[in-house]
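The values are calculated or read from the model by the stated rules, or taken from the named source; none is laboratory data. Bear in mind that the values here come from a model prediction, so they are computed numbers and not experimental data. Cβ placement follows ideal geometry from the backbone for every residue including glycine, while neighbour counts extend to all protein chains displayed. Just so you know, the surface numbers come from the protein's heavy atoms only, side chains and all, with ligands and any DNA or RNA stripped out. Shrake-Rupley method; radii C 1.70, N 1.55, O 1.52, S 1.80 Å.
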2 protein chains.
Amino acid sequence: MNSPDSELLSINTATVRAQWKLPEIVAGCARHGIRMISPWRDQVAGTGLKESAERIRDAGLVLSGYCRGGMFPAVDAKGRRAALDDNKRAVDEALTLGAPCLVLVVGGLPTAENGRVASKDLLSARQMVRDGIGELLEYARPAGMPLAIEPLHPMYAAERACVNTMAHANDLCDELGSGVGIAVDVYHVWWDPQLRQQIERAGAQQGRLLAFHLCDWLVPTTDLLLDRGMMGDGVIDIPLIRSWMDGAGYRGAHEVEIFSANNWWKRDPDDVLAVCVERHCSVC
Amino acid sequence: MNSPDSELLSINTATVRAQWKLPEIVAGCARHGIRMISPWRDQVAGTGLKESAERIRDAGLVLSGYCRGGMFPAVDAKGRRAALDDNKRAVDEALTLGAPCLVLVVGGLPTAENGRVASKDLLSARQMVRDGIGELLEYARPAGMPLAIEPLHPMYAAERACVNTMAHANDLCDELGSGVGIAVDVYHVWWDPQLRQQIERAGAQQGRLLAFHLCDWLVPTTDLLLDRGMMGDGVIDIPLIRSWMDGAGYRGAHEVEIFSANNWWKRDPDDVLAVCVERHCSVC
């Protein structure tokens, strides 16, 4: 049976990244009775991989995921090779940290060295994503590190991820075989009329539902990237989507991931964690 | 056969709404050799319906559409009745103006009197949209005014339109029968992995592809509503999508609709129209 809800709460370290470095986040989670964490690579690098792993373990925390690999499309083979090599390092780090999966933000349209979009060929970018995940799987699968495709909201199709629906992610998983699954983030998929059926489709495959991310869609939303809301402050019917995840057999973490430049990133991080705990209990 | 491209250009009046009232827009279009226009209700109301119709006709322009009806969901039956009545008036105006279709922005989650979202029940909102269009069809169909459902980008699901994919719009058209079709706006649908197949599906039904709207997706996009780009300044492969529309049998207008608070709405509107003409020719 399900654990009590409080056992399911995980904090994605982006939620308090503006205030705290990783060691402070680890200590903060422990202080608030939060048992799981999902760190970002840059924060782990800032603390050092070995020390990060030790601090997390010593605090009695486990990972709900590792953020993030991906960004496969590139203008040339050299760029795609560099992305693959970097993704292999991310797999190694995820293994060292004991992560249950490496989350993939797959990348959007390829960019030139100046950072500008170099091609409008979305179909080709999607093929590079498929091929990149396929190559990475040859490394991750034997190592036992599941890859979690995170479909991102369509407003990120150009710059961050050209996989924008659960259906597309399920299609990729069907094509690529074992070792790859999906990270479901309510912020990215709540609008999708196929959401319930695609969660059920994913749940029918052993090990495909790898992560469940929580925040909320604010009305109005004032920034495309950094104006996510705390659960309960927006318009997403989180209990409904959670019920679909539960019904599809998902028993993993509820990971709170909030990018919020003008609100939550400006608050006392201990207050942020306290609100995460309270809202996870009362809203989700 | 197709007309020369320049004959297909239409200006949605939102594109220069910050600078000009409707009579100036009509005169400007005529001056730039633009033969089609798609006015918004508030601009028509500002000039008066009869005078608007006369000025458009006297300038030798025809409409490519009329913006807009919709906004069907409401918290109670009284609100839904008011929306239906307002939509009937929009049909009447569209008939007076000789519009080939009334564009529907169908509405999002219902709001309370204070303007705040009153319900997170997206499925119910979608049912209200279906029912609202169905009721409006009983008025519009015998009057001979086609209704054009415009799927809006998923980032508008809460506030403006809870129909966010071509597939959903096609499903609604299949269910509701004759007299209703789709307005395809590249800004809203360019990211959709099903876009080509859903345009083909729509094209297979006589009279379903009712409008084709153009602008571009900027990288970065700095505002969810008012930062649309001129064709060619963003990342949408407009010629590709146009080829799909052409292939599906669409022979109607190419309507330029740009909301741009910090760029195009601040420029000399004659320059804006000149750029629209040039880009439509060189990019689309």
Among A:Ala74, A:Ala90, which is among the hydrophobic types (A, V, I, L, M, F, W, C), modelled with pLDDT of 95 or more and not in a loop (DSSP other than H, G, I, E, B)?
-> A:Ala90
Taking A:Arg89 as the residue in question, decide whether it is without any contact (Cβ under 8 Å) to a residue 24 or more places away in the chain and open to solvent by 70 Å² or more (accessible area, probe 1.4 Å).
-> yes
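Regarding B:Lys120, is this residue more than 14 Å from chain A (Cβ to nearest Cβ) and either touching a residue at least 40 places away in the same chain (Cβ under 8 Å) or open to solvent by 40 Å² or more (accessible area, probe 1.4 Å) (or both)? Talk me through it step by step, then tell me what you get.
Details: more than 14 Å from chain A (Cβ to nearest Cβ): no; either touching a residue at least 40 places away in the same chain (Cβ under 8 Å) or open to solvent by 40 Å² or more (accessible area, probe 1.4 Å) (or both): yes.
Here the answer is no, as B:Lys120 does not meet what is asked.
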Mind checking which pairs have a first residue in the range B:158-172 that is facing chain A (nearest Cβ under 8 Å) and a second that is surrounded by 20 or more Cβ atoms within 10 Å (Cβ to Cβ) and of a type in the set (Asp, Glu), Cβ under 7 Å, 6 or more apart or different chains?
-> B:Thr165/B:Asp192
Tally, over the range A:19-45, of residues that are charged (D, E, K, R), buried (at least 16 other Cβ atoms within 10 Å of the Cβ) and in a loop (DSSP other than H, G, I, E, B) = 1
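Mind counting the residues in the range B:135-155 that are more than 9 Å from chain A (Cβ to nearest Cβ), free of Cβ contacts under 8 Å to residues at least 60 places away in the same chain and either open to solvent by 20 Å² or more (accessible area, probe 1.4 Å) or in a helix (DSSP H, G or I) (or both)?
The number of residues fulfilling the criteria is 9.
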The correct count of residues that are away from every other protein chain (no Cβ under 13 Å), touching an Asp or Glu at 6+ places or on another chain (Cβ under 8 Å) and either surrounded by 15 or more Cβ atoms within 10 Å (Cβ to Cβ) or in a loop (DSSP other than H, G, I, E, B) (or both) in the range B:244-256 is 2
Name every residue in the range A:46-58 that is hydrophobic (A, V, I, L, M, F, W, C) and either in contact with a Leu (Cβ under 6 Å, 6 or more places away or on another chain) or buried (at least 19 other Cβ atoms within 10 Å of the Cβ) (or both), in order of residue number.
-> A:Ala53, A:Ile56
Those residues of the range A:226-243 that are in a loop (DSSP other than H, G, I, E, B) and at the interface with chain B (Cβ under 10 Å from one of its Cβ atoms) come to a total of 4
Answer yes if at least one residue in the range B:3-16 is among the hydroxyl-bearing types (Ser, Thr, Tyr) and either without any contact (Cβ under 8 Å) to a residue 60 or more places away in the chain or over 22 Å from B:Arg267 (Cβ atoms) (or both), and no otherwise.
-> yes
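Sort out which residues of the range B:101-117 are in contact with a Phe, Trp or Tyr (Cβ under 8 Å, 6 or more places away or on another chain) and more than 11 Å from every other protein chain (Cβ to nearest Cβ), and write them in order of number.
Residues satisfying the conditions are B:Cys101, B:Leu102, B:Val103, B:Val106, B:Gly107.
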From the list B:Leu209, B:Leu273, B:Leu225, which residue is under 17 Å from the mean Cα position of the chain (by Cα) and buried (at least 18 other Cβ atoms within 10 Å of the Cβ)?
-> B:Leu209
Only one of these conditions is not met by B:Lys78: (1) closer than 24 Å to B:Val16 by Cα; (2) open to solvent by 60 Å² or more (accessible area, probe 1.4 Å). Which number is it?
-> (1)
Residue within the range A:131-140 that is farther than 30 Å from B:His188 by Cβ, modelled with pLDDT of 95 or more and hydroxyl-bearing (Ser, Thr, Tyr) present = yes
Have a look at A:Gly132, A:Gly98, A:Gly179 and point out the one that is farther than 24 Å from B:Pro151 by Cβ, away from chain B (no Cβ under 14 Å) and crowded, with 23+ Cβ neighbours inside 10 Å.
-> A:Gly132
